[in-house]
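J.: One structure, as structure tokens, below. Some questions next.
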Amino acid sequence: MGRLQDKVAIVTGAARGTGEATARRFVQEGARVVLADVNDELGSKVAAELGEAAHYVHLDVSSEADWARGVDEAVGRFGGLDVLVNNAGLLHLASLEDTTPEVMERLFRVNQLGPFLGTRAAVEPMKARGGGSIVNVVSVDGISAKNGVAAYASTKWGVRGMSKVAALELGKHGIRVNNVCPEGGNFEMVKPFVPEGLTWEIFVAYSYRVLPYQKERSNEELIGDIVSMILFLASDEGRSCTGGDFPVDSGHTAGKILKGAPGS
């Protein structure tokens, strides 16, 4: 028996990166999964590789109509909905002064409005199943701050606030809502915004300072750790968890190591 045996899940942003890895792991654990994305070619390919336990649907997370259709697909094809993973997201790196209102709105519609609409769409089918689990993939930028992420961090902090309200309001229906806050993810999201020549090795040397062994691991391995946390919260193993923030960040948000100070 898998950890998600006979559960039905929707995973957004499932065509690649963390979403793809989540969908693959969920199927391995016995779930039937609707893979939702706007990249139809990649998403359909992943679903086909996963076989009868998976189904791809084109879903723009900023569209209420697309959400209704996606949830209908899950219920109609697999009989219900138990798990929603709001993973789809956009990244934009720029100074606050160089971040335009258009960029802010574009990220808001995907990163913040998307999980809000998805959560709303999931309530009734989850109530019909006697409960469920909603997992929002946020970011360390939703629990801490750094320069260059004014639009991105704003949306991620917003999702955390929405999640906590949803956890309080939906708990009476047996619906749990939690946030996974990773430092890493799909490295391809970062590459368009960084200087040419930045490699994975340089990126992890900067990002993973507390646990040195993390620097030796691949992007795929680190994504696997994020997926393991998502799986825990999605499964019945996480029944005592709701309204929580769960960093998967190798100590990134623990604080700073001061070179030369005791304990360094």
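Bear in mind that the values in this text are calculations on the coordinates, not laboratory data. Worth saying up front: this structure is predicted, and the values here are computed from it rather than measured. Cβ sites come from the backbone with ideal geometry, for glycine too, and all protein chains shown count toward neighbours.
J.: Which of the chymotrypsin sites (Phe, Trp or Tyr not before Pro) across segment 205-264 are loop residues per DSSP, with 10 or fewer other Cβ within 10 Å?
T.: Of the chymotrypsin sites (Phe, Trp or Tyr not before Pro), not one in the loops of segment 205-264 has a Cβ with at most 10 other Cβ atoms within 10 Å.
J.: With 32 Å as the limit, write out which pairs from Lys7/Lys146; Lys7/Lys164; Lys127/Lys256 have Cα-Cα distances beyond it, or answer none.
T.: Numbers: Lys7/Lys146 38 Å; Lys7/Lys164 24 Å; Lys127/Lys256 43 Å.
Violating the 32 Å limit, Cα to Cα: Lys7/Lys146; Lys127/Lys256.
J.: For Val248, what residues show an amide H to amide H distance below 5 Å, using hydrogens built from the backbone and excluding near sequence neighbours?
T.: Cys181, Glu183
J.: Quick one: 3J(HN,Hα) in Hz for segment 65-78, Karplus 6.51/-1.76/1.60 with θ = phi - 60°, rounded, Gly and Pro as x.
T.: My calculation for segment 65-78 gives 5, 5, 5, 4, 5, x, 5, 4, 4, 5, 5, x, 7, 10 Hz in order.
J.: Could you list which residues have their amide H under 5 Å from that of Ser133, counting only those 5 or more apart in sequence or on another chain, with H placed in the peptide plane?
T.: Excluding prolines and chain starts, which carry no amide H, the hits are Val83, Leu84, Arg176.
J.: If you don't mind, there's one more thing I want to ask. Please work out the ratio of the alpha-carbon Rg of segment 1-160 to 2.2 N^0.38 Å and round it to two decimals.
T.: In units of the 2.2 N^0.38 Å rule of thumb, it is 1.04.
J.: Now, a different point. Once every DSSP H run of n ≥ 4 in the chain is given -39500 (n - 2.57) and the sum is divided by its residues, what mean residue ellipticity at 222 nm do you get, rounded to the nearest 500 deg cm²/dmol?
T.: -12500 deg cm²/dmol
J.: Further question: Working out 0.36 nm times the residue gap between Ser95 and Leu258, then minus their Cα-Cα distance, what length gain in nm do you get to one decimal? Don't skip to the answer; put the middle values down first.
T.: On the way: separation 163, 0.36 × 163 = 58.68 nm, distance 2.62 nm.
In short, 56.1 nm is gained.
J.: For Gly80, which sequence-distant residues (separation of 5 or more, or a different chain) have an amide H within less than 5 Å of its own amide H, given hydrogens modelled in the peptide plane?
T.: Amide H neighbours of Gly80, under 5 Å, 5+ apart: Val75.
J.: For segment 24-35, take each phi angle, set θ = phi - 60°, evaluate the Karplus expression 6.51 cos²θ - 1.76 cosθ + 1.60, and give the result in whole Hz per residue in order, putting x for glycine and proline.
T.: After applying 6.51 cos²θ - 1.76 cosθ + 1.60, I find 5, 5, 4, 4, 4, 8, x, 7, 9, 10, 9, 8 Hz.
J.: Work out the length of the dipole vector of the chain about its Cα centre, built from +1 on the beta-carbon of each Lys and Arg and -1 on the beta-carbon of each Asp and Glu, and round it to the nearest 20 debye. It would help to have the intermediate numbers written out before the result.
T.: On the way: 27 positive and 33 negative charges, 167 e Å.
Roughly 800 debye, rounded to the nearest 20.
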